[in-house]
Amino acid sequence: MRSYLVKTPRFVQKFFHHYAWRIKTDEKEIYLTFDDGPVPEFTPWVLETLKPYDAKATFFCVGENIQKHPHIYEQIKEGGHSIGNHTFNHLQGWKTPTKKYVKNILQAESYLEDAHSKDGKKLFRPPHGRIRPVQAKILRKKGYKIIMWDVLSGDFDQRLDKKICLDHTIKHINNGSIVVFHDSIKSFKNLDYVLPKVLEHFSERGYRFKSL
Ligand SMILES: [Zn+2]
């Protein structure tokens, strides 16, 4: 059994309405996001895979990975994608004291100074989707928009068959969906198969891929 839901239920989205779960639109637009990079093994592959479709995406970067791989981070920027904060050490909000959590995010921010969304907001996605309301409130005051998701591909799930991963991702995406993938080692087995097919499937149906 999976321990996560592929599609975030609407009541959850409504209850936590301060967080962005999807973009309200009637247009055929999809918002792909990639968490946990930048890493030299996988991020450049993601960038190259997006290119032929003129697909823009949003990368939620871990500060220590930007510190280790600044040239890969530059490649994301050069590709015209949006970049968001994903803490410096991939901290889990529920398990981390608020002061330490916010400090860690600001540490990542020092590597992300010129990274904003299209509307000029700073973007933050909590690792594991876990953040306490008080932590979110502080971040909002600091100008952050908290981005969750509408569709969790499950690419990180090693036991998940890649074909099933693809099928349920395609099934749950609709206009304005924010979709989670990972440019990371554990996800690559699925991502390598799923990402090109998602791009192909929705492009053929007239969708465009946009950054947040
Ligand atoms: Zn993450």
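In the chain, the DSSP beta bridges split such that about 10 percent are antiparallel, to the nearest 5. The sum of -39500 (n - 2.57) across all DSSP H runs of n ≥ 4, divided by the residue count of the chain, sets its helix-only mean residue ellipticity at 222 nm to -10500 deg cm²/dmol. Please report the relative contact order for the stretch 71-212, taking Cα pairs under 8 Å with a sequence separation of at least 6, and give it as a percent rounded to a whole number. Averaging sequence separation for qualifying contacts and normalising by length gives 21 percent for the stretch 71-212. If the chain linking V6 and K121 were pulled fully straight, counting 0.36 nm for each residue of separation and taking away their Cα-Cα distance, it would gain 38.7 nm.
With protein chains left intact and a 1.4 Å probe, residues in the chain average 50 Å² of accessible area per residue. Around the Cα centre of the chain, unit charges on the Cβ atoms of Lys, Arg, Asp and Glu (plus for the first two, minus for the last two) sum to a dipole of about 1200 debye.
The lysines whose alpha-carbon is closer than 17 Å to the alpha-carbon of K51, local same-chain residues fewer than 8 away aside, are K77, K197, K210. Computed over the stretch 1-60, relative contact order equals 36 percent, with contacts defined as Cα pairs under 8 Å that lie 6+ residues apart. Couplings 3J(HN,Hα) of the stretch 2-7, computed from phi: 6, 9, 9, 9, 5, 9 Hz, in residue order, whole Hz [Karplus 6.51 cos²θ - 1.76 cosθ + 1.60, θ = phi - 60°; x for Gly and Pro].
For E74 and Q13, a Förster radius of 41 Å and the Cβ-Cβ distance give a FRET efficiency of 0.75, rounded to the nearest 0.05.
Close Lys pairs in the stretch 135-186, defined as Cα atoms under 24 Å apart and 8 or more places apart or on different chains, number 6.
On the accessible surface of the stretch 1-77, probed at 1.4 Å, how many percent belong to carbon and sulfur atoms? The nonpolar share, carbon plus sulfur, comes to 56 percent.
The values are calculated or read from the model by the stated rules, or taken from the named source; none is laboratory data. Since we're looking at a predicted model, the values are computed, not measured. Using ideal geometry, Cβ is built from the backbone for each residue, glycine included, and neighbour counts are taken over all protein chains shown. Accessible surface areas use protein heavy atoms only, side chains included; no ligands, DNA or RNA. Shrake-Rupley method; radii C 1.70, N 1.55, O 1.52, S 1.80 Å.
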